[in-house]
Amino acid sequence: MRGGANLSIFGSSNILSLDFGSNSIKGVVGKQTKKGLAINKGFSIDLPENLYTDGEITDLDQMTYLLRSGLSDNKVDKLESYAIVNSTKIVMREVNLPMVSDEELESIINFQLEDYIPINPQDYVVNYLDLGFVMEDGEERKKVLLVGIPRTIILSHLTLMKNVELKPSVMDYHGNAISKLIHVGGEVNDSFPSGGTVACVDIGAKSTNVSIVKEGTVMVSRVVQTGSENIIKSIMEAHPDLERSRIIEIINECEDISVKPVGTDLESEVMFKVYDQIFMLLDSVEMIIRYYKTREVANDVNLIMIYGRFSELKGLAKLFNGFFDVEATVLKYLPNIEFSGDISKYANAIGGLVRRKEVKRK
């Protein structure tokens with residue numbers, strides 16, 4: 001896991017960024033520019049169920065075969081590559097440390113890590129994000145966010161990428177990737193200012209990642225074990241005779257999920273189940289936002305940005321807006337990102353391309 005260069009330094013070569021998820025690997029090829037990011041290719045590699053679970057590769061040989069085939073099918077060269085991962089096993093802690101040099105700070109973290117995070121240091125690689133300064137008991141201290149990723153996750157992805165002859169150089173996690181995308185992207189959908197605090201809600205297949213991003217820096221990142229597949233499976237359990245394809249068709253035909261279904265026909269019953277499951281997700285998101293708000297009196301959320309595979313559900317932003325009484329939008333466009341594909345689908349992979357100086361290495 002490695003920190004990156006200052007935003008004023010731009011490479012001339014394309015980088016491959018791979019976002020690993022439970023049902024697919026999403027990849028983009030692009031580079032950082034003076035304006036933002038230029039993406040010239042986006043692709044997705046489907047994965048069978050349970051091959052990739054909570055950041056863990058369960059069958060390295062099969063994953064190697066699928067990744068090699070996917071890269072070949074999409075004509076992706078053997079590029080320098082970044083891996084973007086997410087897992088409930090990733091640990092994060094915000095701590096205040098003495099005002100010392102970077103080298104001394106790293107020594108403090110190294111020798112006192114167990115005082116800050118209840119983990120075995122040998123099992124994790126820990127980096128930190130510089131969050132600025134804070135006054136504590138009349139003394140100025142440095143606020144940092146410690147981020148620990150299990151070594152098993154790092155080594156398995158490193159081995160995978162080397163198996164397919166890529167050149168792995170950076171590992172990142174979803175919360176930091178989306179914060180960097182917001183940092184360089186500009187006004188969300190050309191309407192919502194990129195400053196302030198944004199709650200980023202990534203609704204995936206088996207989980208939802210919630211990241212609170214303040215002025216381009218991730219402050220909180222949590223994984224909620226609810227995603228689109230969980231919702232579909234709950235409907236299949238209630239209606240065992242209903243085919244999966246028909247369930248998806250009914251969901252896609254919904255005109256406005258913010259309106260509670262009231263009918264007794266099959267379609268209304270299915271959508272009521274979806275509605276009910278989304279409200280359970282909203283409760284989980286609300287707990288994370290409340291946690292962030294209670295950390296400091298001034299903490300607030302100015303915008304909720306929804307993205308991921310389930311974000312196209314009509315009326316979803318309206319539902320979020322009504323629940324939280326905060327402006328909500330589905331990510332569609334960022335002016336500083338040059339990309340002809342679906343930015344919502346590839347947001348984590350695109351954000352992973354950004355390197356910036358505040359990502360420190362321990």
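The values are calculated or read from the model by the stated rules, or taken from the named source; none is laboratory data. Remember, predicted model here, so these are calculated numbers, not experimental data. Here the Cβ positions follow ideal geometry from the backbone for every residue, glycine too, while neighbour counts run over all protein chains shown.
Residues that are over 30 Å from Pro168 (Cβ atoms), exposed (fewer than 15 other Cβ atoms within 10 Å of the Cβ), modelled with pLDDT of 95 or more and among the acidic types (Asp, Glu): does the stretch 276-296 have at least one?
Scanning the stretch 276-296, I find at least one residue that is over 30 Å from Pro168 (Cβ atoms), exposed (fewer than 15 other Cβ atoms within 10 Å of the Cβ), modelled with pLDDT of 95 or more and among the acidic types (Asp, Glu), so the answer is yes.
Residue check: is Leu242 at pLDDT 90 or above, surrounded by fewer than 18 Cβ atoms within 10 Å (Cβ to Cβ) and more than 22 Å from the chain's Cα centre (by Cα)? Explain how you work it out, then say what you get.
Details: at pLDDT 90 or above: yes; surrounded by fewer than 18 Cβ atoms within 10 Å (Cβ to Cβ): yes; more than 22 Å from the chain's Cα centre (by Cα): yes.
So Leu242 fits the description; yes.
Given the options Asp172, Asp102, Asp123, Asp137, name the one that is surrounded by fewer than 14 Cβ atoms within 10 Å (Cβ to Cβ), under 25 Å from Gln225 (Cα atoms) and either touching a Pro at 6+ places or on another chain (Cβ under 7 Å) or acidic (Asp, Glu) (or both). Spell out the reasoning first.
Details: Asp172 fails: surrounded by fewer than 14 Cβ atoms within 10 Å (Cβ to Cβ); Asp102 fails: under 25 Å from Gln225 (Cα atoms); Asp137 fails: under 25 Å from Gln225 (Cα atoms).
Exactly one residue qualifies, and that residue is Asp123.
Quick one: Val147 ticks every box in (1) under 20 Å from Lys214 (Cα atoms); (2) buried (at least 21 other Cβ atoms within 10 Å of the Cβ); (3) touching a residue at least 60 places away in the same chain (Cβ under 8 Å) except a single one, so which number is it?
Every condition holds for Val147 apart from (3).
Could you check the stretch 205-321 for helices (runs of 4 or more DSSP H) lying wholly inside it with 2 or more residues that are in contact with a helix residue (DSSP H, G or I) (Cβ under 9 Å, 6 or more places away or on another chain) and of a type in the set (S, T, N, Q)?
Details: elements: 228-238, 244-253, 266-295.
Because the criterion is at least 2 residues that are in contact with a helix residue (DSSP H, G or I) (Cβ under 9 Å, 6 or more places away or on another chain) and of a type in the set (S, T, N, Q), the helices (runs of 4 or more DSSP H) in the stretch 205-321 that meet it are 228-238.
Six or more apart or on different chains, Cβ atoms under 9 Å: show the pairs whose first residue is in the stretch 258-276 and without any contact (Cβ under 8 Å) to a residue 24 or more places away in the chain and whose second is surrounded by fewer than 15 Cβ atoms within 10 Å (Cβ to Cβ) and β-branched (Val, Ile, Thr).
Ser268/Val262; Phe272/Val262; Tyr275/Val259
Glu296 passes all but one of (1) under 26 Å from Val85 (Cβ atoms); (2) free of Cβ contacts under 8 Å to residues at least 12 places away in the same chain; which number fails?
Answer for Glu296: the failing condition is (1).
For the stretch 259-275, check the following and say yes or no: at least one residue is modelled with pLDDT under 95, of a type outside the set (A, V, I, L, M, F, W, C) and under 23 Å from Ser211 (Cβ atoms). Quick ask: steps written out before the conclusion?
Looking only at the stretch 259-275, we keep the residues that are modelled with pLDDT under 95, and these are 259-275.
If we keep only those that are of a type outside the set (A, V, I, L, M, F, W, C) too, we end up with 260-261, 263-265, 267-269, 273, 275.
Okay, now just the ones that are also under 23 Å from Ser211 (Cβ atoms), so none.
Looking for residues that are modelled with pLDDT under 95, of a type outside the set (A, V, I, L, M, F, W, C) and under 23 Å from Ser211 (Cβ atoms), one finds none in the stretch 259-275, hence no.
Given the condition at pLDDT 95 or above and among the charged types (D, E, K, R), answer yes or no: does some residue in the stretch 42-57 qualify?
Within the stretch 42-57, one or more residues are at pLDDT 95 or above and among the charged types (D, E, K, R).
Across the stretch 180-204, which residue is surrounded by the fewest Cβ atoms within 10 Å (Cβ to Cβ) among those that are among the small types (Gly, Ala, Ser) and assigned to a loop (DSSP other than H, G, I, E, B)? Spell out the reasoning first.
Here is the first cut: in the stretch 180-204, the ones among the small types (Gly, Ala, Ser) are 185-186, 191, 194-196, 199, 204.
With assigned to a loop (DSSP other than H, G, I, E, B) added as a condition, the list becomes 186, 191, 194-196, 204.
Details: Gly186: 16, Ser191: 11, Ser194: 20, Gly195: 13, Gly196: 13, Gly204: 24.
By that ranking, first place goes to Ser191.
Taking the stretch 110-155 on its own, how many of its residues are assigned to a strand (DSSP E or B) and under 28 Å from Ile84 (Cβ atoms)? Full working, then the answer.
In the first step, residues of the stretch 110-155 are kept if they are assigned to a strand (DSSP E or B); the result is 124-136, 139-150.
Still in the list and also under 28 Å from Ile84 (Cβ atoms): 124-132, 142-150.
Going through the stretch 110-155 one residue at a time, the tally reaches 18.
Being surrounded by fewer than 21 Cβ atoms within 10 Å (Cβ to Cβ) and either farther than 25 Å from Arg151 by Cβ or under 18 Å from the mean Cα position of the chain (by Cα) (or both): is that true of Lys26 here?
Values: surrounded by fewer than 21 Cβ atoms within 10 Å (Cβ to Cβ): no; either farther than 25 Å from Arg151 by Cβ or under 18 Å from the mean Cα position of the chain (by Cα) (or both): yes.
It is false that Lys26 is surrounded by fewer than 21 Cβ atoms within 10 Å (Cβ to Cβ) and either farther than 25 Å from Arg151 by Cβ or under 18 Å from the mean Cα position of the chain (by Cα) (or both).
Looking at the structure I just gave you, is Asp59 in contact with a helix residue (DSSP H, G or I) (Cβ under 9 Å, 6 or more places away or on another chain) and surrounded by fewer than 16 Cβ atoms within 10 Å (Cβ to Cβ)? Steps first, answer last, please.
On the way: in contact with a helix residue (DSSP H, G or I) (Cβ under 9 Å, 6 or more places away or on another chain): no; surrounded by fewer than 16 Cβ atoms within 10 Å (Cβ to Cβ): yes.
It is false that Asp59 is in contact with a helix residue (DSSP H, G or I) (Cβ under 9 Å, 6 or more places away or on another chain) and surrounded by fewer than 16 Cβ atoms within 10 Å (Cβ to Cβ).
Quick grid of which residues meet (1) crowded, with 22+ Cβ neighbours inside 10 Å; (2) hydroxyl-bearing (Ser, Thr, Tyr); (3) touching a Ser or Thr at 6+ places or on another chain (Cβ under 7 Å); (4) free of Cβ contacts under 8 Å to residues at least 12 places away in the same chain:
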site	(1), (2), (3), (4)
Gly315	no, no, yes, no
Asp325	no, no, no, yes
Leu334	yes, no, no, no
Phe339	no, no, no, no
Asp342	no, no, no, no
Ala347	yes, no, no, no
Gly351	yes, no, no, no
Val354	yes, no, no, no
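For the stretch 58-75, indicate whether the set of residues that are among the aromatic types (Phe, Trp, Tyr) and more than 24 Å from Asn336 (Cβ to Cβ) is non-empty.
Restricting attention to the stretch 58-75, the residues satisfying the condition of being among the aromatic types (Phe, Trp, Tyr) are 65.
Checking which are more than 24 Å from Asn336 (Cβ to Cβ) leaves us with 65.
Looking through the stretch 58-75, at least one residue is among the aromatic types (Phe, Trp, Tyr) and more than 24 Å from Asn336 (Cβ to Cβ).
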